[in-house]
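The values are calculated or read from the model by the stated rules, or taken from the named source; none is laboratory data. Since this is a predicted model, take the numbers as computed values, not measurements. For neighbour counting, all protein chains shown are included, and Cβ atoms are generated from backbone atoms with ideal geometry for every residue, glycine included.
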Amino acid sequence: MVEPTSPPSNFDLRFGSFDLEPLLVNPTRITIVDDVVTRGRMIMAVAIMLAHRFPGVPLRAFALIRTMGLQPDVDRIVAPCVGVVLRRGHDADRQDDVPEPPLTLF
């Protein structure tokens, strides 16, 4: 009998959709650039892959736009923030306007 398995999460699907090309030199720091960040799954998946490939190299991320979720009122369109994306099991959780802790992926 085949045991039922749960379908892969959005996080797992994103993580499995990347591959790294060989580099001529190893980076001393890496900035991940994304156009839009919602929960942060894409940034987290890329960060985990890069951390495996380049252990000890500082990682940061930049996104041009962040979603605000379902807001009852939008009081302003431009609202820059500094936040973090944290790994939560097989998912990611974005927290806005918090001090930036050291990046811990594992």
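Any residue at all in segment 46-60 that is more than 21 Å from HIS90 (Cα to Cα), of a type outside the set (Phe, Trp, Tyr) and not in a loop (DSSP other than H, G, I, E, B)?
Checked segment 46-60: no residue is more than 21 Å from HIS90 (Cα to Cα), of a type outside the set (Phe, Trp, Tyr) and not in a loop (DSSP other than H, G, I, E, B).
Report, by residue number, each residue of segment 61-85 that is without any contact (Cβ under 8 Å) to a residue 40 or more places away in the chain, surrounded by 13 or more Cβ atoms within 10 Å (Cβ to Cβ) and either over 14 Å from the mean Cα position of the chain (by Cα) or outside any loop (DSSP other than H, G, I, E, B) (or both).
Listed by number, the residues that qualify are ALA61, ALA63, ARG66, VAL84.
Do you know which residues across segment 49-84 are more than 17 Å from THR31 (Cβ to Cβ) and in contact with a helix residue (DSSP H, G or I) (Cβ under 7 Å, 6 or more places away or on another chain)?
Those that are more than 17 Å from THR31 (Cβ to Cβ) and in contact with a helix residue (DSSP H, G or I) (Cβ under 7 Å, 6 or more places away or on another chain): none in segment 49-84.
Across segment 1-36, what is the number of residues that are at pLDDT 85 or above and not polar (S, T, N, Q)?
9
Mind checking which residues of segment 21-37 are closer than 17 Å to ARG53 by Cβ and touching a Lys or Arg at 6+ places or on another chain (Cβ under 8 Å)?
Across segment 21-37, the qualifying residues are ARG29, ILE30, THR31, ILE32.
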